[in-house]
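Shown next, in structure tokens, is the structure this report addresses.
The values are calculated or read from the model by the stated rules, or taken from the named source; none is laboratory data. As the structure is a prediction and not an experimental result, all values here were calculated from the model. Note: ideal-geometry Cβ built from the backbone for every residue, glycine included; neighbour counts use all protein chains shown.
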Amino acid sequence: MKIVLTLLVVILLLPLSQAVSDCVLTPSFNVYSKNTLRSGEKVKTDYCIDHETVGQYECKDWGIHTSESYCAFGCEDGACKSLTSTSFDYFIKNPHRASHKNSHNYFFTLKLEKGWNLVFRNFDSFLPQSRIKNEEITVSYLYDSVKKDFVEVYPSKEGINSLGIMEFDDGFLYLASSAMWTYSKKSDYVIFSAVDSIPVEMMKLTPGWNMVGIMPSMVSLGGKSIHDFKGNCEIEKAFRWDALNEEWINMKENMLYPKNIGYGLVIKSANDCQLGEEISDIPSMPE
């Protein structure tokens, strides 16, 4: 009886084992190439689920596996576009892209004007498509909201170590959300990556003036007011810098839109506080 059962199991599993063993994927499992899987009579080819997601097939011991992957530079013809194959025009049309899905690391495309620009943090790395290169940035300054003074952070980065905010246990949160003054030698587009940018709910302010970067969570297509994310901050004043016209725009009277992402705000707070959505008290019980 045992021999009969064993033979029966082998016979039942034979088609499955053959299907798995003859599974071939070419050229390889790679999001940047369009791959084709062949298993028996089945032929599966990678495809774009939407403009930023690729659907892929892979051979596993137990059969054909399907998966989805986010494409930072878009999906085209069944494969993610690579950084080197991505055109300058793509970055203009997609000026703020996350490097991974649900990531706080971004690729920013900003139009800088010749002269002073208020932008989000330091340029961690310029992308090859950038029309402005490192050597065309003269100098960058962060504002130390503790010492109430400007500190050079580019080209020299030694000033970062002397920032008063870094003496806080959570000093990184202040630094990660900072904006900076940057002087450009020409008017053009800069394309760069910024790592560890943080959501507005984690941004902290000290009493007095603060310089913070405008992140995706701070804007909407219909416009967001600074009051929408003031958290427990007592905001006295808020401005953004119009580099083209060299003038301040009062943001207590104006809205923030996607086109503002990656630039900076100066905010004067009356208290130590944290930005974020303001939640009202729980409604009282009915009488």
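Within the range 235-246, residues that are more than 26 Å from P207 (Cβ to Cβ) and free of Cβ contacts under 8 Å to residues at least 40 places away in the same chain sit with their Cβ atoms under 7 Å from residues that are surrounded by fewer than 21 Cβ atoms within 10 Å (Cβ to Cβ) and of a type in the set (A, V, I, L, M), at 6+ positions apart or across chains, in these pairs: D242/I249. Checking each residue in the range 247-258 for being without any contact (Cβ under 8 Å) to a residue 40 or more places away in the chain and surrounded by fewer than 20 Cβ atoms within 10 Å (Cβ to Cβ) picks out E247, W248, I249, N250, K252, E253, N254, M255, Y257. With respect to the conditions (1) at pLDDT 90 or above; (2) within 25 Å of the chain's Cα centre (by Cα), H96 lacks only one, and its number is (1). Note on the range 110-127: residues that are at positive phi and either modelled with pLDDT under 75 or not in a strand (DSSP E or B) (or both) total 1.
Mind listing whichever residues of the range 167-205 are in a loop (DSSP other than H, G, I, E, B) and either under 16 Å from the mean Cα position of the chain (by Cα) or at pLDDT below 90 (or both)? Selection gives F168, D169, D170, S177, V195, D196, S197, I198, P199, M203.
For the range 229-287, a tally of residues being closer than 18 Å to L175 by Cα, among the small types (G, A, S) and part of a loop (DSSP other than H, G, I, E, B) returns 1. Yes or no: S140 in a loop (DSSP other than H, G, I, E, B) and either modelled with pLDDT of 85 or more or closer than 30 Å to M211 by Cα (or both)? Criteria not met by S140.
Scanning the range 34-82 for residues that are surrounded by 13 or more Cβ atoms within 10 Å (Cβ to Cβ), among the acidic types (D, E) and assigned to a strand (DSSP E or B) gives E58, E76. Which one of N271, N250, N232 is farther than 20 Å from Y143 by Cβ and out of contact with any helix residue (DSSP H, G or I) (no Cβ under 9 Å at 6 or more places or on another chain)? The unique qualifying residue is N232. Only one of the listed residues (L275, L244, L221) is crowded, with 21+ Cβ neighbours inside 10 Å and either in contact with a Lys or Arg (Cβ under 8 Å, 6 or more places away or on another chain) or not small (G, A, S) (or both). That residue is L275. Applying the set (1) part of a strand (DSSP E or B); (2) modelled with pLDDT of 85 or more to F107 leaves exactly one unmet item: (2). Could you please let me know if S269 is surrounded by 15 or more Cβ atoms within 10 Å (Cβ to Cβ) and at pLDDT 95 or above? In short, yes. The residue pairs whose first member lies in the range 132-149 and is over 22 Å from I92 (Cβ atoms), whose second member is hydroxyl-bearing (S, T, Y) and outside any strand (DSSP E or B), and whose beta carbons are closer than 9 Å, counting only pairs six or more residues apart or on different chains, are V139/S156; D144/S162; S145/Y174; S145/T206; V146/Y174; V146/T206; K147/S162.
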